[in-house]
Structures are given as C-alpha cells and as structure tokens.
Amino acid sequence: MGFRLGTNLMLGAVLVFIASISGTSMAARIIVGDSAHWTFGFNYTDWAIKKAPFHQNDTLVFMYDPPNATTFPHNVYLMKNLRRFLACDLKKATLLATAVQGGGNGFEFVLQKRKPHYFVCGESGGVHCKVGMMKFAVLPLKRCHG
Ligand SMILES: *[C@@H]1O[C@H](CO)[C@@H](O)[C@H](O)[C@H]1NC(C)=O
Ligand SMILES: *[C@@H]1O[C@H](CO)[C@@H](O)[C@H](O)[C@H]1NC(C)=O
Ligand SMILES: *[C@@H]1O[C@H](CO)[C@@H](O)[C@H](O)[C@H]1NC(C)=O
Ligand SMILES: [Cu+2]
C-alpha cells in the first residue's frame, strides 16, 4: 500500500471550503501554485486552503513545462470522488490535460459547477499525488452580484 499522507487534512480542506461564504463579482484567473506552478513537492493542499474561497466560473490555470531529459512530466486528472482522491486512486479518473498541455499559457479549467472538484497529477501511477503532494480539492461557491 502507498502513503496516506495528509488524508485528514485533505478532508479538512474540503470542509473549510464548504464552510466558506463570500463572493465577488468578477471571475478570476488563478494560477495553480502561483509562482511554483504545477510541480512535484509543492503543498497544494496548503495553497488551496489559503486561496479559498473559489467561485463558480473562476478559471484554474495549470502551468508545467513539457517533459524533456531533465524535467519530470506532469498532467492533470479530475478524480471521481473524495475516497479516490484521498487514496490517489486514478481508477475512473478523467484525464483533463496531458504532459504537453501545460506549456505556454498553461492548461485552463473553468470551474463551471458548484460541486467538489478533486484535482491531482496522475504521473508515475499516483506517486506525484501521494508523495509529491500534487493534489487539491476545490468547491466553487455561488458568485454574489452587487
Ligand atoms: C501541507 O499543508 C497542510 C495545510 O497547511 C499542512 O497541514 C500539512 O502538514 C502540509 N503537508 C506537508 C507534508 O508539509
Ligand atoms: C458562468 O459563465 C457562463 C458562460 O459564460 C454563464 O452563462 C453563466 O451565467 C456564468 N455563471 C455565473 C454564476 O457567473
Ligand atoms: C528542460 O526544460 C527545462 C524547463 O523548461 C529547461 O529549463 C531545460 O533547459 C530543458 N532541458 C533540456 C535539455 O532541453
Ligand atoms: Cu506530477
């Protein structure tokens, strides 16, 4: 069995988002990881907690260089449910962006639905998710106008 790094914290992060109530009127373009971009070993749970709340129609931008001889490949998956997210189990996960789609201006994902979204990097059979902390949950909130 693999690591179960930060399982309770992941759940905690989800609850923090559910508890949040607030809103702004403009959809935001949010670079995942800010200047760290989408990379192995950055704590995306911590990042997401500090970045919350997210809102419906905000755009997440995943930036990662295409793989070459000296860099690791990354990708972006949307996990099926919380249980699979916590376990870094890629079964039935949806591939959103391949290893080459994070280049240039990055891969953009619009948070259209007000439901939990579980993002992970699926590289190395879940190792980037389990060991590299490349996983975070987002619950977009309703945007309040005025
Ligand atoms: C990642 O961030 C969370 C939330 O701030 C923190 O509780 C956790 O200890 C961090 N994980 C590691 C491995 O540092
Ligand atoms: C989100 O964007 C879509 C398409 O631009 C728009 O139809 C919808 O009203 C927007 N929803 C919110 C809550 O802003
Ligand atoms: C691999 O990609 C990195 C990041 O884009 C770049 O800094 C490096 O020069 C590249 N290495 C090679 C051998 O192309
Ligand atoms: Cu990765």
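Only the coordinates and a few stated rules stand behind these numbers; no lab work does. Since this is a predicted model, take the numbers as computed values, not measurements.
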### Summary
Length gained, residue 26-residue 105, 0.36 nm per residue minus C-alpha separation, equals 26.4 nm
### Task
Treating cross-link reach as a plain straight distance, find the lysines whose alpha-carbon is under 26 Å from the alpha-carbon of residue 92, omitting any fewer than eight places away in the same chain.
80, 113, 115, 130, 135
